[in-house]
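Below is one structure, written out as structure tokens; the observations come after it.
The values are calculated or read from the model by the stated rules, or taken from the named source; none is laboratory data. Please read these numbers as outputs of a predicted model, since none were measured by experiment. Backbone-built Cβ (ideal geometry, glycine too); neighbour counts: all protein chains shown. Ligands, DNA and RNA are excluded from the accessible area calculation, which covers all protein heavy atoms including side chains. Shrake-Rupley method; radii C 1.70, N 1.55, O 1.52, S 1.80 Å.
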Amino acid sequence: MNVKVLPNPLSGSVNAIPSKSQAHRALICAGLSDAVTHIECGSQSKDIAATSACLSAMGAGVRRQNDVYIVQPLKQVSAPLLCGESGSTFRFLLPVVCALGQRASFILEGRLPERPLSPLYEELVRHGCALSPHGVNPFNAEGKLTPGVFSLDAGVSSQFISGLLFALPLLKGDSELRLTGQIESYPYIELTVSMLEAFGIKVEFKDAVFSIPGGQAYRSPGTVRIEGDWSNAAFWLTAGALGENGVTCNGLDLRSKQGDRAIMDILERFGAQIEKSGSSVTVRDGRIDGRKPRGKRLRGIEIDARDIPDLVPVLAAAAAAAEGTTVIRGAGRLRGKESDRLAAVSSVLNGLGADVRVTDDGLIINGGGALNGGQVSSWGDHRIAMTAAVASMLCAQPVIINGAEAVNKSYPGFFDDLRSLGGSAEIINS
């Protein structure tokens, strides 16, 4: 599907969609728990649907009624686990299947078979599991995970750490999970620990080591409400920073453990105005202060992206509008996402007329000028497609996004919400 987005300013109010990161975690904990759990989740995406489908294949009763997932405890793997392109689904459930001692076949799509699996792979094998070779699809797992000491380089993927945190409490003996190197995306690990606690699981973290008692049981809290997704709200909040009238995003927890809540502070550092009220955040261009012009535009800044990798694409679009140079560091892991996101961001924004250069671990963006518009690829990546749509606000001509259906991975209603904010998105072919 190709979509033409006109360079219209966006303004108004939009509701945040449910957090994909939190929904994955709640579904898995519910499937492992002792009783039925109701998960309030207002919408679903391909990734969330993949986790739901895999849990169903593992013998959990998962059904969706209105805006609620009703999850009954899982029993036994009975069908292939269809992960789609969801890295969270695969990397979370692989250790869980091993801990349960079940034999499973994971079906992977897109770039998922190519994405990194080490050092999680080696740790699972070292503790008693037999796995298909790297890159094989379907990916098979069998054997029973044994407790003990596990070691992971914390700079590769927080998803490996979360996967073991879900799995190790199920083992009979106690375990330690030792993290080496620079810990990146730590807020995602905090999200996992928080959800484990909601289901009665205890872990202790001290001096880069998780101590995980074995023989624990997941206890359903009855109902879990999924909070608004800061990662996807960031696209609308950034759009607000690019326009004078501002955009309000509702349904956000201002005290959330989601790391991408940092979008507020970063946009403020760029020079945007931030207003917070209850569960709503409004962002607008820093040139306007009430009715008085401030004479201030967005300005280039330096960004450490180690804990906020998903924000990099849309922050690069903001940087293209900012006067001066923006340097984004700590983003080398983005090469192993749904696309090589550093190359993809550079290609898309440069294709629209920006000045973006890829470095070893990030991007350098020389901003401040209007963009041209044109035709770009989504690179099969939801966050690249949405970034291109937001960047259209800076363009003199329309932006045509090839492969725009990529948004369905996390945000199927993205273009509908863009239209509700005054944008124009037309499907020109499929």
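General remarks:
- All conditions in (1) touching a Gly at 6+ places or on another chain (Cβ under 8 Å); (2) surrounded by 23 or more Cβ atoms within 10 Å (Cβ to Cβ) hold for Ile70, with the sole exception of (2).
Residues are listed down the side, and each one gets a yes or a no for (1) closer than 23 Å to Tyr121 by Cβ; (2) in contact with a strand residue (DSSP E or B) (Cβ under 8 Å, 6 or more places away or on another chain):
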{"position": "Ala30", "(1), (2)": "no, yes"}
{"position": "Ser33", "(1), (2)": "no, yes"}
{"position": "Val36", "(1), (2)": "no, yes"}
{"position": "Ile39", "(1), (2)": "no, yes"}
{"position": "Gly42", "(1), (2)": "no, yes"}
{"position": "Leu55", "(1), (2)": "yes, yes"}
{"position": "Thr89", "(1), (2)": "yes, yes"}
{"position": "Pro95", "(1), (2)": "yes, no"}
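- Positions within region 34-49 being open to solvent by less than 10 Å² (accessible area, probe 1.4 Å) and either not β-branched (Val, Ile, Thr) or not in a helix (DSSP H, G or I) (or both), in sequence order: Thr37, Ile39, Cys41, Ser45, Asp47
- When residues of region 396-430 are limited to those that are among the acidic types (Asp, Glu) and part of a helix (DSSP H, G or I), the one nearest to Lys46 (Cα to Cα): Glu405
- The lone exception for Leu93 - which of (1) in contact with a Phe, Trp or Tyr (Cβ under 9 Å, 6 or more places away or on another chain); (2) more than 27 Å from Glu40 (Cβ to Cβ) it fails: (2)
- Residue in region 146-157 that is crowded, with 18+ Cβ neighbours inside 10 Å, modelled with pLDDT of 95 or more and within 24 Å of Ala50 (Cα to Cα) present: no
- Residue match in region 346-366 (condition: modelled with pLDDT under 95 and under 23 Å from Asp285 (Cα atoms)): no
- Of the criteria (1) open to solvent by less than 50 Å² (accessible area, probe 1.4 Å); (2) over 23 Å from Ser19 (Cα atoms); (3) modelled with pLDDT of 95 or more, which one Leu242 fails: (3)
- The residues of region 391-430 that are in contact with a Pro (Cβ under 9 Å, 6 or more places away or on another chain), within 13 Å of Leu352 (Cβ to Cβ) and surrounded by 17 or more Cβ atoms within 10 Å (Cβ to Cβ), listed by number, are Ser392, Met393, Leu394, Cys395, Pro398, Val399.
- Members of region 110-141 that are open to solvent by 40 Å² or more (accessible area, probe 1.4 Å), among the charged types (D, E, K, R) and at pLDDT 95 or above: Glu122, Arg126
- Residue in region 357-380 that is charged (D, E, K, R) and crowded, with 19+ Cβ neighbours inside 10 Å present: no
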